[in-house]
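Okay, so here's the structure we're looking at.
Computed from the coordinates by the stated procedures, all read-outs in this text should not be read as laboratory data. Everything numeric in this text was worked out from a predicted model, so none of it was measured. As a convention, Cβ positions derive from the backbone with ideal geometry for all residues, glycine included, and neighbour counts pool all protein chains shown.
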């Protein structure tokens, strides 16, 4: 079965490959990168950007995908529209990990490097909580230097920088959510010292897609 993952950042591809190797190795994963989706994004989704994402989703469906996942968090609002255009599952980067986060307790730490991602993450976390009739207390952390650190210092520097933010959040929360797919490369490192569960969006998406396709 073929799963197409749509990316706006090249840095999100290795975490997706890692997550599927660990969670859903039998899937054939095709990574579709369109960096313009990130370069042209200016803190909100325009109709033109929505159309471009929908075009990529319909293209993926026509190329034989069994399911489609979005690895670009700010495009999550497009999923509802896209589901009317194709007859296969389309999964946002938020849905699966938010569902998992609300199960770990009311205090959820969220780390993001983009203000729009942090804002959207909080929205979708509260939405997941309402759907399950539970109370959630988001603890938000914006670290805008994370992607530059990853590009300049590599994975080691990125893991170190994320660890600094995790250390600040952990005493105040029941779990920490890595809101962007690119952050999952640090997951195993963070779990070695985190006193609370650390949740990775690509790992949650891989588990969810595996469940959907098995059903």
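Across all directions of projection, what mean area in square nanometres is found for the Cα convex hull of the stretch 80-196? Mind dumping the intermediate values first?
Details: hull surface 31.9 nm².
Dividing the Cα hull surface by four gives the mean projection, 8.0 nm².
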## Note on the structure
In nm, the gap between the two label points placed 7 Å beyond Cα toward Cβ at residue 167 and residue 132 is 3.0
### Query
Which residue, 171, 15, 89, has the most motion in a Gaussian network model of the chain that connects Cα atoms within less than 10 Å?
171
### Task
Can you tell me the relative contact order of the chain? Whole percent, Cα pairs under 8 Å, sequence separation 6 or more.
23
### Message
As a footprinting exposure proxy, order 181, 20, 193 by other Cβ within 10 Å, with the fewest listed first.
### Response
193, 20, 181
### Query
Quick one: what do you get for the chain if you divide its Cα Rg by 2.2 N^0.38 Å?
0.96
### Task
Note down the nm distance, to one decimal, between modelled labels 7 Å out along Cα→Cβ at residue 153 and at residue 40.
3.4
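Please compute the length gained on full extension between residue 142 and residue 48, using 0.36 nm multiplied by the number of residues separating them and subtracting their Cα-Cα distance.
Values: separation 94, 0.36 × 94 = 33.84 nm, distance 2.72 nm.
Extra length available between residue 142 and residue 48 comes to 31.1 nm.
Going by how many other Cβ atoms sit within 10 Å of their own, how do 161, 132 line up, fewest first? Write down the numbers at each step before the final one.
Numbers: 161 19, 132 11.
By the 10 Å Cβ count, ascending: 132, 161.
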#### Entry: Antiparallel DSSP beta bridges within the chain, percent to nearest 5
0
### Task
Treat each spin label as a single point 7 Å out from the Cα along the C-beta direction, and report the residue 213 to residue 192 distance in nm.
3.1
### Contact order relative to length of the stretch 95-201, as percent, for alpha carbon pairs under 8 angstrom and 6 or more apart
33
